[in-house]
4 protein chains.
Amino acid sequence: MDYQKILNTIESEMNYRDVEGKVASYIPELAKVDPRKFGMHIYCGDKQHFCFGDSDENFSIQSIAKVFSLSMAMILMGEDLWKRVDVEPSGDPFNSLTQLEYEQGVPRNPFINAGALVISDILVAQLEDPKQELLDFVRKITGNPEIDFDKKIAASEKSTGYRNIALVNYMKALGNIKCEVEPIVDFYFNLCSLSMSCKELAQAFMIYANKGKILDTGEEILTPTSVKRINALMQTCGFYDEAGEFSFEVGLPGKSGVGGGIVAIHPDQYSVAVWSPILNHKGNSELGMKALERLTTLSGLSVF
Amino acid sequence: MDYQKILNTIESEMNYRDVEGKVASYIPELAKVDPRKFGMHIYCGDKQHFCFGDSDENFSIQSIAKVFSLSMAMILMGEDLWKRVDVEPSGDPFNSLTQLEYEQGVPRNPFINAGALVISDILVAQLEDPKQELLDFVRKITGNPEIDFDKKIAASEKSTGYRNIALVNYMKALGNIKCEVEPIVDFYFNLCSLSMSCKELAQAFMIYANKGKILDTGEEILTPTSVKRINALMQTCGFYDEAGEFSFEVGLPGKSGVGGGIVAIHPDQYSVAVWSPILNHKGNSELGMKALERLTTLSGLSVF
Amino acid sequence: MDYQKILNTIESEMNYRDVEGKVASYIPELAKVDPRKFGMHIYCGDKQHFCFGDSDENFSIQSIAKVFSLSMAMILMGEDLWKRVDVEPSGDPFNSLTQLEYEQGVPRNPFINAGALVISDILVAQLEDPKQELLDFVRKITGNPEIDFDKKIAASEKSTGYRNIALVNYMKALGNIKCEVEPIVDFYFNLCSLSMSCKELAQAFMIYANKGKILDTGEEILTPTSVKRINALMQTCGFYDEAGEFSFEVGLPGKSGVGGGIVAIHPDQYSVAVWSPILNHKGNSELGMKALERLTTLSGLSVF
Amino acid sequence: MDYQKILNTIESEMNYRDVEGKVASYIPELAKVDPRKFGMHIYCGDKQHFCFGDSDENFSIQSIAKVFSLSMAMILMGEDLWKRVDVEPSGDPFNSLTQLEYEQGVPRNPFINAGALVISDILVAQLEDPKQELLDFVRKITGNPEIDFDKKIAASEKSTGYRNIALVNYMKALGNIKCEVEPIVDFYFNLCSLSMSCKELAQAFMIYANKGKILDTGEEILTPTSVKRINALMQTCGFYDEAGEFSFEVGLPGKSGVGGGIVAIHPDQYSVAVWSPILNHKGNSELGMKALERLTTLSGLSVF
């Protein structure tokens, strides 16, 4: 498969001027991003790399990082994790608080905010230095020791993150949070502030396309069963309220973030990351969604 | 792949005595079914058939039939259909009525009851004799002219179907139902009463594994794009509140019914149907779920 | 107390041109009403009558009639009635369907639509000819044998009443409706179509200001305890989502209808009815609310 | 009216052994209270006092204190207050968080927790030393300079008050909280910890029965309009999810607390406080409700 040709086609077809959405603006730091940024990087199972545009430039990966914290919690807890968080799509963002009450504080899945906060609680409870160990984990699977938090982004999130603090307190009232509120949200806001490039994301997510092993070293980070579970979760819950649409258009497990990044994997074939900061009304990158749809269409490798 | 050996293994491993659920009992006719029934049928892209147990015995396919009515509506309306019904997982069965109000009467997807009722409204509005045309459609794709409704089941549903009648009236108040209530629910209850065997279901669903074409005749019933859409919907919304779990355990697009049937497809490979009437607490066949999990594990052909 | 002087003051102060709301338009028949209509009638415990304006003209009393059907159900069932319907304010119109599900089909109070439909079910189940017996009841307490339904209004309601039909079916699914749907909604739509004048309403409601007895004849229609219960319900639940505001502004038990009528009672003193068809955004007559506020302020007889 | 004779009758009729409820136990300090405690105190407009039992013993007044903070906020803000909090009954305790989202963070009324927290925010924002000024206010209207917080109760609430902290953060996210979270909840938990006797409560609440004036000194604390508003709010919203029942049984404006206290007022006649710690399933004092019902029945002075 000539992936470079496909990427070149995608780059030539797409233009940020054709999209109507807006850059995320709920925190000032994210609103500063240049809407013209556009990059894409494919990392193949045969270790080849293909890319275009701003694929080497760092951006705020936001919710994409929830896949990393989930992976760490699965390594620590295995299947016991699912007593604390469910594995089903959420459907209705509006009702997340009501839903928590029905279900005794157990969030629908690890990718909605409530679920990622429970995962954060687990890591804060079990790890000596959770932020450092998160960095260690991400640096290891990416093969880049310089990946770091964006302190400005983390501080900006924290100063306006009342809804997330409400969620943690509410789940604590319902008995599904063990630690103090402050270290949990501190970890969470740092997690979401991770700054990475498309290339680094593609490298990091190769473990989910490679049955849990780092491609370069062969070291097993996650069991094949854990990888299957994470991929199934990305497939059904990875795109806010647009998982069904993504499943149809792209047909690959993936995860998006409000920083405009999307990462997806084709098991045994490749991992791919794309970045364009303009979001559609459901909070996913408009050009990113289209670029991935073109990738699976042009390569003819969709799941369905 | 020696599918018959895999099926034999599954049959020998599983026993209805090991499961704790119950046969559906909300209508008397369904409660009469023998809980010991168990059958499975695989229909391959190379036209081979494999099966075990009660795979030739008819049962009430219930919600599985929603895939047929959806297919007919897509043929009639194409992409315009998605103005009347959305394509995202529902998440919260409890709130379905509230959700309808938020979203102006547009159901989350065509497989929840509200969505299937809108699809019924569309067919009743556009077809001269919707029940006969439904039978014609199902008989054609199955290759069996004797498939029919189970009139006792349909009557039984109708006599207790107040919740569905409430849904239709509510959506009519919100402007998303065009026809009279009575013919819509008459069509809907007949649709759910369709009586088919595992073998017939596997034959019928082959069009979704074969890019929309009947395998025997090559006739195109649905466009490849429509098939992709339907498969994506089955993947994310086909199992009530257990789509995430099925996606992990089985990893194939599929659809279940409270009669205890489940059908799934592996694109370009096979369609498969399984039947065991004992349901888990989420309303899906317990042995059916396990049998399909074993099938994808033993064949090594899972999606993820 | 010189009530005529107070009424004259109110009439001179108020003008339909000063109000911003609109006449109810959800059914064509109601939309035809002249927005300039304005009348008020006080009926005192000493049998004196005071009035102004269009107080002798009939209008559609709509939800005010729910007080009559509630009274009939209390006569038939006594305190057992409260197993079928609760006595607490509803709070959230939006959630009425969700609320029904939480509370197993038991509506919050007899004045929300769901509650009035349960009351209708009770009357249809227990009375030979419920519509005729309702007319008999209202004619008797009013002392006017010519009060009747407005058949055009009833037909108009019925042709668009899908939300109410949905409610009945939903409660039937939850086990709190005994009769068939059709006679219940037929009774309900006729009930709401009752056509009366301010004078007739003031006469009819005198039983609630007179401990359950018809003032002219002394005949006891309701026990003092039943009257206390009905008055408490009017005080806390009589004004859709504006019961708190009415309780503050007027401080009397009362009931409003979307036809623009409001009736209120001051125990042992008087009953009063006012009519002006222009509604505020919560569905209560704007001038009616103001007129009653002026009445209690000018007479100095507020409850608090 | 021989109130002492009525009180004696009530005391002789009632027995804590006849009630089935339980003492509040959600914080350890409240669970320690002796369930046999029972006292009642009436303070009349003619300055007479009547009482029985433990009417001079202090207890935790809990939510009753919300009437004091509301009064202070009305003095500071007048009618502008109603832009921050509504005046309607809440209906559904379950949905309070959902309701906040519908209504943009504006709580239904000042007596539900969310509303009392907004009132706390207002006082913290506008007062130099809000806790001291609260004490000053309560001491003044009661005529007792020794009324104080119960520090153990306040600390106990704070250590488990995650749900209230969640509410404040959530409303801050929705824009209806101005101050920092910590001083708001510190004020709120101290407010609820106020320790007073039935006698002191009856004295304090006399201003609401006396058109806003302290009976002894004649000093006007609240305008008559503010008092009318507060009384209307107590009538429709003062008893959690039992306002309708209390309105029927007692027919007076009042406010209860989970410490087992209830206070009520009969305008121009008397204020009354009763205390018995055993709560019914809706969180109101069982004996307290019955005692007040007997009081209005025996005195024949019910509102309706």
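The values are calculated or read from the model by the stated rules, or taken from the named source; none is laboratory data. The shown structure was predicted, so the numbers you read here are calculated from the model rather than taken from an experiment. Glycine gets a Cβ as well: all are built from the backbone with ideal geometry, and neighbour counts include every protein chain shown. Note: accessible area is taken over every heavy atom of the protein model, side chains too, but ligands, DNA and RNA are not part of it. Shrake-Rupley method; radii C 1.70, N 1.55, O 1.52, S 1.80 Å.
Contact list please: Cβ distance under 6 Å, first residue in the stretch D:245-256 and farther than 10 Å from D:N284 by Cβ, second residue in a loop (DSSP other than H, G, I, E, B) and among the aromatic types (F, W, Y), pairs at least six apart or on different chains. Partner pairs satisfying both residue conditions: D:G251/D:F304. So for the stretch D:174-183 (the condition being facing another protein chain (nearest Cβ under 8 Å) and modelled with pLDDT under 95), does at least one residue qualify? Checked the stretch D:174-183: no residue is facing another protein chain (nearest Cβ under 8 Å) and modelled with pLDDT under 95. Against the criterion of being among the hydrophobic types (A, V, I, L, M, F, W, C), surrounded by fewer than 24 Cβ atoms within 10 Å (Cβ to Cβ) and away from chain C (no Cβ under 14 Å), D:I214 qualifies.
When D:E219, D:E242 are checked against the criterion of being facing another protein chain (nearest Cβ under 9 Å) and open to solvent by 10 Å² or more (accessible area, probe 1.4 Å), a single residue qualifies: D:E242. Taken over the stretch D:1-45, the residue count meeting the criterion of being of a type in the set (D, E) and either open to solvent by less than 50 Å² (accessible area, probe 1.4 Å) or more than 30 Å from D:D268 (Cβ to Cβ) (or both) is 4. Once the stretch A:199-211 is narrowed to residues that are open to solvent by 10 Å² or more (accessible area, probe 1.4 Å) and touching a Ser or Thr at 6+ places or on another chain (Cβ under 7 Å), the residue that is nearest to the other protein chains (Cβ to nearest Cβ) is A:Q203. Counting residues in the stretch D:74-93 that are buried (at least 17 other Cβ atoms within 10 Å of the Cβ) and under 25 Å from D:Q203 (Cα atoms) gives one or more.
Could you please let me know if B:I112 is within 14 Å of chain A (Cβ to nearest Cβ), aliphatic (A, V, I, L, M) and out of contact with any Gly (no Cβ under 9 Å at 6 or more places or on another chain)? Yes; evaluated as a whole, the condition is true for this residue.
Over 30 Å from D:G175 (Cβ atoms) and touching an Asp or Glu at 6+ places or on another chain (Cβ under 6 Å) - does that describe any residue in the stretch A:210-224? Checked against the condition, which is being over 30 Å from D:G175 (Cβ atoms) and touching an Asp or Glu at 6+ places or on another chain (Cβ under 6 Å), the stretch A:210-224 yields at least one hit. Going by what's in this entry, would C:N280 be described as more than 10 Å from chain D (Cβ to nearest Cβ), open to solvent by 10 Å² or more (accessible area, probe 1.4 Å) and within 28 Å of C:L167 (Cβ to Cβ)? For C:N280, the condition - more than 10 Å from chain D (Cβ to nearest Cβ), open to solvent by 10 Å² or more (accessible area, probe 1.4 Å) and within 28 Å of C:L167 (Cβ to Cβ) - is met. Applying the criterion of being farther than 13 Å from D:F68 by Cα and of a type outside the set (F, W, Y) to the residues of the stretch D:184-194, the residue that is farthest from the other protein chains (Cβ to nearest Cβ) is D:D186. Within the set B:R139, B:R163, the sole residue that is within 8 Å of chain C (Cβ to nearest Cβ) and open to solvent by 50 Å² or more (accessible area, probe 1.4 Å) turns out to be B:R163. Looking only at the stretch C:166-193, residues that are open to solvent by 10 Å² or more (accessible area, probe 1.4 Å) and small (G, A, S) come to 2 in all.
Residues in the stretch D:245-264 that are outside any strand (DSSP E or B), crowded, with 24+ Cβ neighbours inside 10 Å and in contact with a strand residue (DSSP E or B) (Cβ under 7 Å, 6 or more places away or on another chain): D:F246, D:V250, D:L252, D:P253, D:G259, D:G260. B:T297 falls short on exactly one of the conditions (1) part of a helix (DSSP H, G or I); (2) farther than 30 Å from A:Y208 by Cβ, and that condition is (2). Scanning the stretch A:265-275 for any residue that is within 10 Å of chain B (Cβ to nearest Cβ), open to solvent by less than 10 Å² (accessible area, probe 1.4 Å), modelled with pLDDT under 95 and not in a loop (DSSP other than H, G, I, E, B) turns up nothing.
Quick check on D:E286: is it closer than 17 Å to C:A243 by Cα, open to solvent by 10 Å² or more (accessible area, probe 1.4 Å) and among the charged types (D, E, K, R)? It is false that D:E286 is closer than 17 Å to C:A243 by Cα, open to solvent by 10 Å² or more (accessible area, probe 1.4 Å) and among the charged types (D, E, K, R).
Would you mind stating whether A:Q48 is open to solvent by 60 Å² or more (accessible area, probe 1.4 Å) and farther than 19 Å from A:L167 by Cα? So A:Q48 fits the description; yes.
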